[in-house]
Amino acid sequence: MSILITGGTGFIGYNFINVWSKQKKERIINLDKSQYTKLQSLEVKKNKKHYFYNTNISNINKIKLILKKHKPRAIVHFAADTHVDNSIKSPMSFIKNNIFNSSIFLNEVFNYWVSLKQKEKSKFRFINVSTDEVFGELGFKDKKFTEKNSFKPRNPYSASKAAFDHLCSSYFSTFRFPVITTHCSNNFGPFQIPEKMIPLFIMNALNNKYLPIYGNGKQIRDWIFVEDHCLALILVLENSKIGEIYNIGASNEKTNISLANKLCAILDKIHPNEKKISYKKLIKKVTDRLGHDKRYAINSNKIKKELNWSCNSNFYENLTKTIKWYLMNKNWIKEVSRKL
């Protein structure tokens, strides 16, 4: 038996492989075009049950061969372009990768599922890993997003994810293809590409560069440690019913400016500046992002109630753990940064 994941050299996909490997004995088939990281830089290569294919998910012939050879019982689809700033600079790239290429992959998996025997077909699952950003923005006093919120994406990235979510839903409604979609809040943790806020700020602080805060810095995000997200995804894969949608959040709402200050305070304590000057001095407000959403917040009551999931880990302990990981892996940061 095996599961196939896409985007397994990316941030969440790679962490998922690590978490899965500690809990399960099944083979992992990893499909990724390896845009940022080299396979040899991933410890997961040491896992003899890990099979890596350096290919785009739109390569129809390759996908057919991989599915036929490994016969996965489930797919976890992480592969996507994810950075909002990049989607504003290059919308068509996100449309191509997150809608067109993912649609090609979905249809090939659907064809594979159709070819399975009835028993295998009934057990098969396709987990579509999406984002809370498809719901748009919340006001500061609005209730958190539930699975019943309408989609109101406000940038090319979130719109591209919303489009693919709709397509997945259509394959379930029309063909009963066993899709389950998850919407998660902002992830943080080891192996995150340093174009995202937390690793960017850590990297900039260590290089005495300013920490850019968009606008007034009062935008709010709900932060979840990546391992907690991965554990939730395993529960969804193993226990949820087909066609379901789950929101996954940690109820850790932080303004961008408060997060930056806390990150600097932790760095001041565990890795003080040589001149004993607080890293907070590097925080600098810059011109706000176009269409910047005020707030995201996830209501996770459904997954807690139906799948008995809980997120009890401490945000600040995990933030400290994350900072320490980056301090110990400066060469990894340099390698990845060259490809951004």
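Out of the residues in region 301-340 that are polar (S, T, N, Q) and within 14 Å of F225 (Cβ to Cβ), state the one that is surrounded by the fewest Cβ atoms within 10 Å (Cβ to Cβ). Steps first, answer last, please.
Let us first name the residues in region 301-340 that are polar (S, T, N, Q), namely 301, 308, 310, 312-314, 318, 320, 322, 329, 331, 337.
From what is left, the residues that are within 14 Å of F225 (Cβ to Cβ) are 310, 312-314, 318, 320, 322.
Numbers: S310: 12, N312: 6, S313: 15, N314: 11, N318: 20, T320: 17, T322: 22.
It comes out as N312.
What single numbered condition from (1) touching a Leu at 6+ places or on another chain (Cβ under 7 Å); (2) more than 19 Å from I248 (Cβ to Cβ) fails to hold for N329?
Every listed condition holds for N329 apart from (1).
Residues A79, A74: which one is small (G, A, S) and surrounded by fewer than 20 Cβ atoms within 10 Å (Cβ to Cβ)? Lay out the reasoning, then the answer.
Working: A79 fails: surrounded by fewer than 20 Cβ atoms within 10 Å (Cβ to Cβ).
Checking each option against the conditions leaves just A74.
Name the one entry in S170, S158 that is free of Cβ contacts under 8 Å to residues at least 40 places away in the same chain and either farther than 30 Å from Y214 by Cα or of a type outside the set (D, E, K, R) (or both).
Values: S158 fails: free of Cβ contacts under 8 Å to residues at least 40 places away in the same chain.
After applying the criteria, what remains is S170.
Give N59, N47 a once-over and let me know the one that is modelled with pLDDT under 95 and under 24 Å from the mean Cα position of the chain (by Cα). Write out each step before concluding.
Details: N59 fails: modelled with pLDDT under 95.
Going through N59, N47 in turn, the sole match is N47.
From the list T174, T182, pick out the single residue that is modelled with pLDDT of 95 or more, hydroxyl-bearing (S, T, Y) and under 20 Å from G10 (Cβ atoms).
Exactly one of T174, T182 is modelled with pLDDT of 95 or more, hydroxyl-bearing (S, T, Y) and under 20 Å from G10 (Cβ atoms), namely T182.
What residue, of F225, F201, is in contact with a Leu (Cβ under 6 Å, 6 or more places away or on another chain), among the aromatic types (F, W, Y) and surrounded by 21 or more Cβ atoms within 10 Å (Cβ to Cβ)?
Details: F225 fails: in contact with a Leu (Cβ under 6 Å, 6 or more places away or on another chain).
Only one candidate qualifies: F201.
So that you can scan it fast, the table gives a plain yes or no per residue for (1) surrounded by 20 or more Cβ atoms within 10 Å (Cβ to Cβ); (2) on the phi > 0 side of the Ramachandran plot; (3) in contact with a strand residue (DSSP E or B) (Cβ under 6 Å, 6 or more places away or on another chain):
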position: K161; (1), (2), (3): yes, no, yes
position: L167; (1), (2), (3): no, no, no
position: S170; (1), (2), (3): no, no, no
position: F177; (1), (2), (3): yes, no, no
position: Q192; (1), (2), (3): yes, no, no
position: P212; (1), (2), (3): no, no, yes
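Among all residue pairs at least 6 apart or on different chains, which show Cβ distances below 6 Å where the first residue, located in region 254-277, is aromatic (F, W, Y) and the second is modelled with pLDDT of 95 or more and surrounded by fewer than 18 Cβ atoms within 10 Å (Cβ to Cβ)?
As it stands, the answer is none, since no pair meets every condition given.
Among the candidates N252, N301, which residue alone is closer than 28 Å to G139 by Cβ and touching a helix residue (DSSP H, G or I) at 6+ places or on another chain (Cβ under 6 Å)? Full working, then the answer.
Working: N301 fails: touching a helix residue (DSSP H, G or I) at 6+ places or on another chain (Cβ under 6 Å).
Exactly one residue qualifies, and that residue is N252.
Could you please give the count of residues in region 246-263 that are surrounded by fewer than 17 Cβ atoms within 10 Å (Cβ to Cβ) and touching an Asp or Glu at 6+ places or on another chain (Cβ under 8 Å)?
Residues flagged as surrounded by fewer than 17 Cβ atoms within 10 Å (Cβ to Cβ) and touching an Asp or Glu at 6+ places or on another chain (Cβ under 8 Å) within region 246-263 amount to 1.
From the list I242, I266, exactly one residue is buried (at least 17 other Cβ atoms within 10 Å of the Cβ), among the aliphatic types (A, V, I, L, M) and over 24 Å from D85 (Cβ atoms). Which is it?
Every option except I266 fails the conditions.
In region 151-215, which strands (runs of 3 or more DSSP E) lie fully inside it and hold 1 or more residues that are farther than 21 Å from N86 by Cβ?
In region 151-215, the matching strands (runs of 3 or more DSSP E) lie at 179-184.
Could you check region 83-98 and list, in sequence order, the residues that are crowded, with 19+ Cβ neighbours inside 10 Å and within 10 Å of S160 (Cα to Cα)?
First, the residues of region 83-98 that are crowded, with 19+ Cβ neighbours inside 10 Å: 84, 87, 94, 97-98.
Correct list: S87, F94, N97, N98.
Can you find a residue in region 107-125 that is under 21 Å from T82 (Cα atoms) and either at pLDDT 95 or above or in a helix (DSSP H, G or I) (or both)?
First, the residues of region 107-125 that are under 21 Å from T82 (Cα atoms): none.
Looking through region 107-125, none of the residues is under 21 Å from T82 (Cα atoms) and either at pLDDT 95 or above or in a helix (DSSP H, G or I) (or both).
For region 9-32, does any single residue satisfy the condition of being crowded, with 18+ Cβ neighbours inside 10 Å, modelled with pLDDT under 90 and in contact with an Asp or Glu (Cβ under 6 Å, 6 or more places away or on another chain)?
yes
Looking at this structure, is D85 over 20 Å from I245 (Cα atoms), in contact (Cβ under 8 Å) with a residue 40 or more places away in the chain and more than 17 Å from the chain's Cα centre (by Cα)?
On the way: over 20 Å from I245 (Cα atoms): yes; in contact (Cβ under 8 Å) with a residue 40 or more places away in the chain: yes; more than 17 Å from the chain's Cα centre (by Cα): no.
For D85, the condition - over 20 Å from I245 (Cα atoms), in contact (Cβ under 8 Å) with a residue 40 or more places away in the chain and more than 17 Å from the chain's Cα centre (by Cα) - is not met.
The values are calculated or read from the model by the stated rules, or taken from the named source; none is laboratory data. Keep in mind that what you see is a predicted model, and the values were worked out from it rather than measured. All Cβ positions, glycine included, derive from the backbone under ideal geometry; neighbour counts span all protein chains shown.
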